[in-house]
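The values are calculated or read from the model by the stated rules, or taken from the named source; none is laboratory data. Everything quoted here is computed from the prediction, not taken from an experiment. Cβ: placed from backbone, ideal geometry, glycine included. Neighbour counts: every protein chain shown.
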Amino acid sequence: MPNQKHVHIKDVTRRFQVNGNTITALDSVSLDIAEGEFVTIVGASGCGKSTLLRLGAGLDTGHNGNIEHAGKVVKGPSLDRGIVFQEPRLFPWLTVERNVALGLQNSGFTKDEKRQLVTDQIELVGLAGFEKAYPHQLSGGMAQRAGIARGLVNRPDVLFLDEPFGALDAITKARLQGELQDIWAREQITMILVTHDVDEAVYLGDRVVVMSPRPGRIKEIVPVNLPHPRERTSNQLAHIRNHVLEVLESTTATSKARPVQAKPGPQKRRTTAAVSAVPIALNAKANRQTLYSSTEI
Amino acid sequence: MSVQSALKTRRAVKIRRGLTIPILLLIIWEVSSRTGLVDPRFLPSLENVFLTAKRELIDNNLIGELSISLSRNIAGFFIGSIVGIVFATVLALSRTADALITPSFNGLKQISLLAWIPLISIWFGFGEQAKIVFVAIAAFIPVVLNTYEGMRSAPRDLIEVGHALRFTPLQRITRIFLPSALPSIATGVHLGLIYSWLATVGAEYFLAIGRGVGSLIIAGREHFDMALVMVGVFILGLVGFALNRIAGAAEAYLLRWRRVVE
């Protein structure tokens, strides 16, 4: 039985001071992530999804509330928590190989072990043959592969990914999503991925956390009970995606939508209306999965 | 025509154009001194300059003078550059040091380099030590300014990566700040190399005890041997040119990781 609270986020609030005004980026957010789980977080810009990720990774510590990883309070970055940024953030003066090796700089491995890990990791992300290339010689997709390799090379417990495919073209993006899913399945690493791409969120996530902006809150957590690897074109996936889209839309709608959200009744009716577009059998299955249970905090 | 040969032709044309004016000047020089347009005592003929160069090279110790100047230059340049890089690193990375020292440094750098000479001569005398100190100061200033700027503009994104990978303070310096400042440091060191060569000559002029190419020129002036002065000036120019090229090549090698924009 995996630890259900491998990453434990409890009542976390993060405020920023911007030009003398206090902005609440996250408003008492709670989220538990199980060991080996793939959780994706979607939301409109300004919903605090990246803030949440940075807090979880320990890059930001100015919050109120409690964040724990494997039972220990997160007080700063740790080599047990890998991170992949939207931009590959490679060191332009180092080759791919040496960039990946940066992830092992302060690990306890011996020199030979490090070399082996770097070679394996580069192989795993499909960059074999480009070990000696400098970042400016790589395409965007290849550079991001190197970024992922650097995040994974130390065999972290949890990998945080902050819109890792946001800057890539559609084809490269789809391929890298598939590869990330393979890596996740093979390495059994807990992954938390922030994205603004709903397709990506439902394709990859065991659960999709939908956040609403101003202040950043979790609107709903949508489980995706489909086995990995998934068929991108499957009807079930499309159905779940439509639901997530709808929740997302309700978070960005103007004030007139807000009272509607407060009452569960109308919300249910609206979602059912959207669902009617997909086959009846699917509809029934989706209901069984209690997709619409409100997990708003 | 292939790209390679096209580039070659373009380079050849560039060199040919660059050489036009120097060759023209040499011709005017030669013609005017031969035809007696100018007094050969003030502007000796090319032949005379060439013969003087040969005499200095073979009978006198021109190579020795040159190597004395060069070793002075190199000693001062290395001391100034290394101290400069360390000094600028401390200023750029320590808030306290920055607040305490940078304003004074910015004030002091406004003082003309030549204004230091009286002070240096009193503190260090007129010998080798004083000359090297002067050359070192000349290299120090551009190295500090450029290194400081480079360190200050280290990308925040990469600093954050270093934070996430739990870099130690030393790793932050050697892995992020120094390499990202390297293009600026190279510019500073390049300038430092040029300034230090100018300062080497200046030191030999103003702290005129000892040997070196600068002293050779001073001697030429005192004996009214304009050909010797010309030889000295030519050598200074050639060495400056060579140093510039060497610095450029070293820079290109060290910064080969940068994107080549064609």
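Only one of the listed residues (B:THR187, B:THR147, B:THR174) is within 14 Å of chain A (Cβ to nearest Cβ), assigned to a helix (DSSP H, G or I) and of a type in the set (Val, Ile, Thr). That residue is B:THR174. Of B:VAL90, B:VAL161, all but one fail to be surrounded by fewer than 16 Cβ atoms within 10 Å (Cβ to Cβ) and part of a helix (DSSP H, G or I); the exception is B:VAL90. Among the residues of this structure, B:SER121 counts as one that is of a type in the set (Ser, Thr, Tyr) and within 30 Å of B:SER69 (Cα to Cα). Of all residues in region B:48-77, those satisfying the criterion of being in a helix (DSSP H, G or I) and without any contact (Cβ under 8 Å) to a residue 12 or more places away in the chain are B:PHE50, B:LYS54, B:ARG55, B:LEU57, B:ILE58, B:ILE63, B:SER67, B:SER71, B:ILE74. Mind checking whether some residue in region B:16-26 is exposed (fewer than 11 other Cβ atoms within 10 Å of the Cβ), small (Gly, Ala, Ser) and either within 30 Å of B:GLU204 (Cβ to Cβ) or modelled with pLDDT of 85 or more (or both)? Yes, region B:16-26 contains a residue that is exposed (fewer than 11 other Cβ atoms within 10 Å of the Cβ), small (Gly, Ala, Ser) and either within 30 Å of B:GLU204 (Cβ to Cβ) or modelled with pLDDT of 85 or more (or both).
Checking each residue in region A:95-129 for being out of contact with any helix residue (DSSP H, G or I) (no Cβ under 7 Å at 6 or more places or on another chain), assigned to a loop (DSSP other than H, G, I, E, B) and not polar (S, T, N, Q) picks out A:GLY108, A:GLY129. For region B:230-252, indicate whether the set of residues that are without any contact (Cβ under 8 Å) to a residue 12 or more places away in the chain, part of a loop (DSSP other than H, G, I, E, B) and among the basic types (Lys, Arg) is non-empty. No, every residue in region B:230-252 fails to be without any contact (Cβ under 8 Å) to a residue 12 or more places away in the chain, part of a loop (DSSP other than H, G, I, E, B) and among the basic types (Lys, Arg).
Note on region A:202-252: residues that are more than 24 Å from A:ASP182 (Cα to Cα) and in a loop (DSSP other than H, G, I, E, B) amount to 4. Note on region A:80-100: residues that are more than 24 Å from the chain's Cα centre (by Cα) and either more than 8 Å from every other protein chain (Cβ to nearest Cβ) or touching a residue at least 60 places away in the same chain (Cβ under 8 Å) (or both) total 4. Summed over region B:137-153, the residues that are within 21 Å of B:VAL83 (Cβ to Cβ) and either more than 23 Å from the chain's Cα centre (by Cα) or without any contact (Cβ under 8 Å) to a residue 12 or more places away in the chain (or both) give a count of 1. For region A:169-201, the set of residues classified as aliphatic (A, V, I, L, M) and in a strand (DSSP E or B) consists of A:MET191, A:ILE192, A:LEU193, A:VAL194, listed by residue number.
When A:LEU104 is tested against (1) more than 8 Å from chain B (Cβ to nearest Cβ); (2) closer than 30 Å to A:THR13 by Cβ, exactly one condition is not met: (2).
Scanning region A:1-24 for residues that are within 19 Å of the chain's Cα centre (by Cα) and surrounded by fewer than 15 Cβ atoms within 10 Å (Cβ to Cβ) yields A:GLN4, A:LYS10.
In region A:107-128, is there at least one residue being within 28 Å of A:HIS8 (Cα to Cα), touching a residue at least 24 places away in the same chain (Cβ under 8 Å) and within 14 Å of chain B (Cβ to nearest Cβ)?
yes
Would you please name the residue that is nearest to A:THR172 (Cα to Cα), looking only at residues in region A:140-155 that are of a type outside the set (A, V, I, L, M) and at pLDDT below 90?
First pass over region A:140-155, keeping only residues of a type outside the set (A, V, I, L, M): A:140-141, A:144-145, A:147, A:150-151, A:154-155.
If we keep only those that are at pLDDT below 90 too, we end up with A:140-141, A:154-155.
Values: A:GLY140: 9, A:GLY141: 6, A:ASN154: 25, A:ARG155: 25 Å.
Looking at the filtered set, the residue picked out is A:GLY141.
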